[in-house]
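A.B. asks: Questions regarding the structure given below will be posed in turn.
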Amino acid sequence: MEYRFAFKSYRRAFRIPLRTAHGLWSEREGIIVRLESATGAVGFGEIAPIAWFGTETLAAAGEICRKFGAQITDESLDEVPLEFGCVRFALAAARAPLVSAAAGARLPVCALLSAGRAALAELPGKLEAGFLAFKWKVGVEAVDDELGVLDDLCGLLPDYAKLRLDANGAWNRRQAEKWLARCADRPVEFVEQPAAPGERDLLLGLAQDYPVKLALDEAVTGLAAAREWQALGWPGVFVVKPALAGPLAELAQWARETRADLVLSSAMETAVGRAAILRFALGGELTRRAVGFGVGEVFGDRLWDGPMTGPLVDFQWCEAANPEAIWNALN
């Protein structure tokens, strides 16, 4: 099949910069792609790389888009190299037919808390809204300071709620061991990327030595890496950002074939990418855990953020997102 192809770049400041172990993240850059078939059917996708996660750069993704030209075929789309996972995700989303969700299908959502003590002020409101799972960025401040906040957060959590900790690979062995020992008797669902992706022996050892479940994130940006960790015998969770990993159908096939303990997580993409991911996830059972899309009003603009996200997301959320309006708002 042949398509008309077009793309537009975007740069949007976050409403509140995101503090992570990698530093302060203050804006999102990406590319919105548009495909139109000979019958007039139009689809949109989003290229949203995070270079420090090991994806392709935005410049490299833009170069691929420029080389495509105004007309493109399925064969050309399929020839995009595997290492360009963000480009492949966007192109597959733009040409995929709408996926139908089962009647009444809903997914639980994990809410994102700010780093540091700010999380303590945010947690009560999110509990009142009905969220049952919460993700807290750690590895940002001194270990002992953050451990004190952890105790306070756990004191606020009801018995039915769980906390996810995301270190973004910031800890060394001693720091990780101190955290995991503290987490052993806390309501922690899992600890995400406690050490750098390259520290394979350390990560595997920690997963075996401590009762708290561990998760990989930066270590499994693409499916090839996830398969490598499975071959090594990784016993924990795989936190995958679909917008970085490639076509959604490939992610689904891997998850179903291997029965991976999978969490779908946001890459702070716009409503274009989020709607594609959530629509697909609602169409089939890919994960038993809350999806990491409770990121709130990232851009402070309902057009770019999509509808408000509560403790549950359904197909109506996807339908209310408006990729064409975002496309039209770009120069």
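A.B. asks: Answer yes if at least one residue in the stretch 120-137 is assigned by TED's automatic domain parsing to the domain that holds Gly294, surrounded by fewer than 20 Cβ atoms within 10 Å (Cβ to Cβ), of a type in the set (Gly, Ala, Ser) and part of a loop (DSSP other than H, G, I, E, B), and no otherwise.
C.D. replies: yes
A.B. asks: Test Gly222 against the stated conditions and say whether it is at pLDDT 95 or above and either under 29 Å from Leu35 (Cα atoms) or assigned by TED's automatic domain parsing to the domain that holds Asp305 (or both).
C.D. replies: No; evaluated as a whole, the condition is false for this residue.
A.B. asks: Continuing with this model, one more query. Collect the residues in the stretch 269-302 that are surrounded by fewer than 24 Cβ atoms within 10 Å (Cβ to Cβ) and of a type in the set (D, E, K, R), keeping them in residue-number order.
C.D. replies: Arg279, Glu285, Arg288, Arg289, Glu297, Asp301, Arg302
A.B. asks: Quick one: which residue in Arg66, Arg88 is more than 21 Å from the chain's Cα centre (by Cα) and not small (Gly, Ala, Ser)?
C.D. replies: Sole residue among the options that is more than 21 Å from the chain's Cα centre (by Cα) and not small (Gly, Ala, Ser): Arg66.
A.B. asks: May I ask you to list pairs of residues, at least six apart or on different chains, whose Cβ atoms are under 7 Å apart, with the first in the stretch 74-89 being at pLDDT 95 or above and of a type in the set (Lys, Arg) and the second being crowded, with 16+ Cβ neighbours inside 10 Å and not in a helix (DSSP H, G or I)?
C.D. replies: Arg88/Val80; Arg88/Gly246; Arg88/Pro247
A.B. asks: Looking only at the stretch 27-46, decide whether some residue is aliphatic (A, V, I, L, M), modelled with pLDDT of 95 or more, under 30 Å from Ala195 (Cα atoms) and under 19 Å from the mean Cα position of the chain (by Cα).
C.D. replies: no
A.B. asks: Can you name the condition, by its number, that Arg95 falls short on among (1) out of contact with any strand residue (DSSP E or B) (no Cβ under 6 Å at 6 or more places or on another chain); (2) farther than 18 Å from Val295 by Cβ?
C.D. replies: It fails just one condition, (1).
A.B. asks: OK, next. Exactly one condition in (1) assigned to a loop (DSSP other than H, G, I, E, B); (2) surrounded by 21 or more Cβ atoms within 10 Å (Cβ to Cβ) is false for Arg186; which is it?
C.D. replies: With (1) assigned to a loop (DSSP other than H, G, I, E, B); (2) surrounded by 21 or more Cβ atoms within 10 Å (Cβ to Cβ) applied to Arg186, the lone miss is (2).
A.B. asks: Separate question: Any residue in the stretch 155-176 that is at pLDDT below 95 and either surrounded by fewer than 16 Cβ atoms within 10 Å (Cβ to Cβ) or not in a loop (DSSP other than H, G, I, E, B) (or both)?
C.D. replies: So far as the stretch 155-176 goes, yes, one or more of its residues are at pLDDT below 95 and either surrounded by fewer than 16 Cβ atoms within 10 Å (Cβ to Cβ) or not in a loop (DSSP other than H, G, I, E, B) (or both).
A.B. asks: Please report, ordered by residue number, the helices (runs of 4 or more DSSP H) entirely within the stretch 1-99 with at least 2 residues that are surrounded by fewer than 21 Cβ atoms within 10 Å (Cβ to Cβ) and charged (D, E, K, R).
C.D. replies: 58-68, 74-78
The values are calculated or read from the model by the stated rules, or taken from the named source; none is laboratory data. Nothing here was measured: the structure is a model prediction, and the numbers come from that model. Neighbour counts run over all protein chains shown; Cβ positions are idealised from the backbone, glycine included.
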